[in-house]
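Coordinate-derived values only; no laboratory data. In this text the structure is predicted, and so the values were computed from the model without any measurement. Quick reminder, even Gly has a Cβ in these numbers, built from the backbone with ideal geometry, and neighbours come from all protein chains shown.
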Amino acid sequence: MSKLLDVRDLRVRFRLPGNFLSMRGKKPSHVDVVHGVSLDIERGQTIAIVGESGSGKTTLAMALCGLAPVAGGEVYFNGRKLQQDRNSRLNPDRKKVSLMFQDPVGSLSPRMTIRQALAEPFLIHRVAGKNPEEQALRLLSLVGLSEEFADRYPHQLSGGQARRVGVARAVALEPDLLIADEPTAGLDVSIQGEVLNLLTRLQKDMGLGIMLITHNLNVVRHVADQMAVMYLGRFVEQGDAEEIFSHPRHPYTAALLSANPSLDPDAKLGRIELIGEVPSLLQRPAGCEFRTRCPRVQARCKRSFPEPATDTDGHTFNCFYPEPNSHIMLL
Amino acid sequence: MNTPLLQIRDLSVSYRTGLGQLQALRHVSFAVPAGKIIGIVGESGCGKSTLISSIMRLFAPNAWVDNGSIVFRDKDLLGLSPDDMRYLRGNEISMVFQDPMTSLNPVLNIGRQMAGVQHRSSSSRADKRARSLMMLERVGIPDPASQLKRYPHQLSGGMRQRVAIAMALMTEPSLLIADEPTTALDATLEVQIIHRLQELQRDIGCSILFVSHHLGVIAELCDEVIVMYAGEVCESGPTRDVFFQPRHPYTQKLLECDPARIQQRTRQLPVIEGSLPNLVDLPQGCIFRQRCKHGIARCATERPLLAGDRHRTACHLSGTGS
């Protein structure tokens, strides 16, 4: 069976404001925000993209929806290549990929009622044979909101309710792939649970593939099948989520997992603390890009870039001196 | 040490809305002792922001104080003249906001902004610059001299938040209010910032009022924690006591819901059933009654008061154990 989404060596490059120095090649004229990312998603699966702000997670999502300039690489959707040219908005596959933005209230028009916002996708894509107004009400009940919300405006909703409307809008045209950018950022634990349970239910009912972008590791542990850890626009470790959680190999992943603040006021032991700041994308370190903050750095990391290596359980990581494999240590 | 730095007594704040009077805070009382870090946890809409704006006296135009006092070093902030209050802000009480990108001025470089914060000081420009450099160094910014020339958009998220913290602590205030300062950062930076805050707090000897809904961060950083629900304090006490032996049903539920606490991997995450009560038309009795499993008849008629010595709970059932 063909994969729902197959991304190969995707690059996103933004142009920097030019000046005389950049014309003479003394200043970088481009910045690579996503730098050679490959991933695939199967139907009904959830892949989580984890990484700090500025690591390129959102840009990756935008590129998959045709909202960011793709500089290289290929994206196959349902086995067909997605065209990245300007007219690609007309591509029927676009309907099948939907994006949920980070800020739920900001992504709804303040001048449209919820009913209008939910009917809009049907009007834009000229979906025949469906009454947009009826569909709006159907979608509201699908995400567990009562019909009285139909005539409200976005500012009259709470954060959790606005997220639900965001989910309803994203699944309106019955997409195959839902890209959720920080769907629970800024939500309280209880409402976060509600939104994630809703996504899980819709995934089960509609066979959605979900790409979940987040920096909340506690969420990833519970809902993701696959995960990828992003650092400076590259995946440094990717594979089965449970495997990575149980034995991370890349030092960044290990630090990320150990830094996860725990509820236990006593749990501070065994934490790997990183020092230093994230380097700028304009000045990528030579060699391994994590070496400036890596606790395991050695001379070789400065010279060459580590090619992906595969762990015994099949997940991949880019590191010369990875964390010891706990599988082997147990044997 | 005996008189707390900040003492809030029976504070009630309302908003005038089209639907009627919205009672955002009701009978909130707590103290911030000098040199302690106090965490405030609660869902959005529980009144955290109203509480902060009350302490800073930066009310929305439609807000008014129904009742209560906010005593900061034997002065009631609610009774101060606007000029006196202005003097306190920044000098004695300062604040770090959630999003450093919007709290820093995008068109001024860091150096200008950091000098601007010191506008009350009569020292020379060079001294102000030296002080800015020292402060940046203290919050762990590498090569501070070159950072002074940079603009907020040229810094990473973690750096921006450090700059915001440096600016807030520049005047060595006695109270720092931090409103979700780590929400926008990833876990590794979050830990770095928290530890830096802890160090600075020890050096300067200030108190911190740390508002967050990230329970893990609160557990790690704070000496005491205050749990708020729908505009009321429902539980408060030493962090360890509250997190290990939560007494209020809401706190218990909140802790159960945190995915970090659930060891077994699950697709179906627990939630608190029901929704927040309508603050315009308040229900009788306990505010959490409609979502509480343990309710007894008394909960429907009588509002529970915060009771207890150090670990205090507003619940009729506390003490009977659950």
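Annotation: lysines with alpha-carbon distance below 16 angstrom to B:K253 (same-chain offsets under eight excluded): B:K293. Lacking any other cysteine beta-carbon closer than 4.7 Å, the following Cys residues of chain B have no compatible partner: B:C46, B:C206, B:C222, B:C234, B:C257, B:C292, B:C315. In whole percent, what relative contact order does chain B give with Cα contacts below 8 Å and a gap of six or more residues? 21 percent. Here B:T188, B:T50 are placed in order of increasing Cβ neighbour count within 10 Å, fewest first, which gives B:T50, B:T188. For chain A, the longest principal axis of the alpha carbon atoms and the long axis of helix A:132-142 meet at an angle near 60°.
Here's how it looks for B:I208: its modeled amide H is under 5 Å from those of B:K36, B:I37, B:I38, B:L176, which are all 5 or more places away or on a different chain.
Counting only lysines at least 8 places from A:K81 when in the same chain, those with an alpha carbon closer than 18 Å to its own are A:K3, A:K95, A:K96. Percent of alpha carbon pairs in the protein assembly as shown separated by more than 49 Å? For the protein assembly as shown, the share of Cα pairs beyond 49 Å comes to 15 percent.
For a label point 7 angstrom out from the Cα of B:V107 toward its Cβ, which stretches of the stretch B:127-169 have the backbone nitrogen within less than 16 Å? It comes to B:151-153, nothing else.
Cross-link reach is defined here as a Cα-Cα straight distance under 16 Å, omitting same-chain residues fewer than 8 places apart; for B:K128 the lysines meeting it are B:K149. 3J(HN,Hα) couplings calculated from phi for the stretch B:269-285 with the Karplus curve 6.51 cos²θ - 1.76 cosθ + 1.60 (θ = phi - 60°) are, in sequence order, 7, x, 9, 8, 4, x, 9, 4, x, 6, 7, 7, 10, 5, x, 6, x Hz; Gly and Pro show x. In terms of its Cα atoms, the stretch B:133-247 spans 51, 27, 24 Å along the principal axes, sorted from long to short. Stokes-Einstein, applied to the Kirkwood radius of the stretch B:108-170 over Cα pairs at a viscosity of 1.306 mPa s and 10 °C, places its translational diffusion at 139 µm² s⁻¹. For chain B, the share of alpha carbon pairs falling in successive 10 Å distance bins from zero is 5, 25, 32, 24, 11, 3, 0 percent.
Our Cα-only numbers for chain A put the radius of gyration and Dmax at 21.2, 65 Å.
Among B:V65, B:V163, a tally of other beta-carbon atoms within 10 Å of each Cβ gives an order, fewest to most, of B:V65, B:V163. Each residue of the stretch A:116-130 is assigned a 3J(HN,Hα), and the resulting list reads 5, 4, 7, 7, 4, x, 5, 6, 5, 8, 6, 6, 7, x, 10 Hz, derived from the Karplus form 6.51 cos²θ - 1.76 cosθ + 1.60 (θ = phi - 60°), x at Gly and Pro.
Toward the positive end of the charge dipole of chain B, with +1 on the Cβ of Lys and Arg and -1 on the Cβ of Asp and Glu, the farthest Cα among B:V107, B:S156, B:T301 is that of B:V107. With a Cα-only, solvent-free Debye model of the stretch B:70-126, what are the log10 I(q)/I(0) values at q = 0.17, 0.22 Å⁻¹? Each listed q corresponds, in turn, to -0.76, -0.99. Among B:S81, A:S29, B:S54, the ranking by other beta carbons within 10 Å of each residue's beta carbon, starting with the fewest, stands as B:S81, A:S29, B:S54. Of B:D83, B:D258, B:D281, the residue with the greatest mean-square motion in the GNM of chain B, using alpha carbon springs below 10 Å, is B:D83. Applied to the stretch B:114-129, the Karplus parametrisation 6.51 cos²θ - 1.76 cosθ + 1.60 on θ = phi - 60° returns per-residue 3J(HN,Hα) values of 6, 6, x, 4, 8, 4, 7, 7, 8, 6, 6, 4, 5, 5, 4, 5 Hz, with x for Gly and Pro.
Residues whose amide H comes within less than 5 Å of that of A:A68, counting only those at least five positions distant or on another chain, are A:A63 (H built at 1.01 Å from N in the peptide plane).
Of all segments of chain B bounded by trypsin sites (Lys or Arg not before Pro) found in a DSSP loop with no more than 10 other C-beta atoms within 10 Å, the longest spans B:121-292.
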